[in-house]
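Report on one structure; see the data block that follows.
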Amino acid sequence: MTKNPIHPKKLLLSKWTAVTPLNKEKHFMVIKVIDPEIEGGAVEQVVIEAVMSKRQKTIQWRSLTNGLEWKQGWV
């Protein structure tokens, strides 16, 4: 499996391309990093926004490291 190297502190405003677009949405940007409920805990989720439709969804940030689902940058 291909892994995209990314550190949680560098996620905000990072750009991603979905390998298999849904609803013609291919290009996304991380617009929010959700702070953990426990202070000092690890970041687990981010909000991504589709560039064309502006539709937002919350995902586990580690899913972005899966190279079979996501490519880093806008490809």
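When the GluC sites (Glu not before Pro) in the chain are filtered for DSSP coil states and for at most 11 other beta-carbon atoms within 10 Å of their beta-carbon, the remaining sites are Glu37, Glu39. Label-to-label distance, Val19 versus Lys32, with points set 7 angstrom from Cα along the beta-carbon direction: 2.8 nm. Simple point charges give the picture: +1 on the Cβ of Lys and Arg, -1 on the Cβ of Asp and Glu, and for the range 8-72 a dipole about the Cα centre of about 420 debye. Per residue, the average separation of C-alpha pairs within less than 8 Å and at least 6 apart gives the chain a relative contact order of 37 percent. Applying both filters, DSSP loop and at most 16 other Cβ atoms within 10 Å, to the chymotrypsin sites (Phe, Trp or Tyr not before Pro) of the chain gives Trp74. For the options Ile48, Ile38, Ile59, a Gaussian network treatment of the chain with springs between C-alpha atoms closer than 10 Å singles out Ile38 as fluctuating the most. Checking every one of the trypsin sites (Lys or Arg not before Pro) in the range 9-66 against DSSP loop status and a limit of 16 other Cβ atoms within 10 Å picks out Lys24, Lys54, Arg55.
Each reported figure results from applying straightforward, stated rules to the coordinates on display, with no laboratory input. From a predicted model like this one, the values you see are computed outputs, not experimental measurements. Counting neighbours? That spans all protein chains shown, and the Cβs are built from the backbone with ideal geometry, glycine included.
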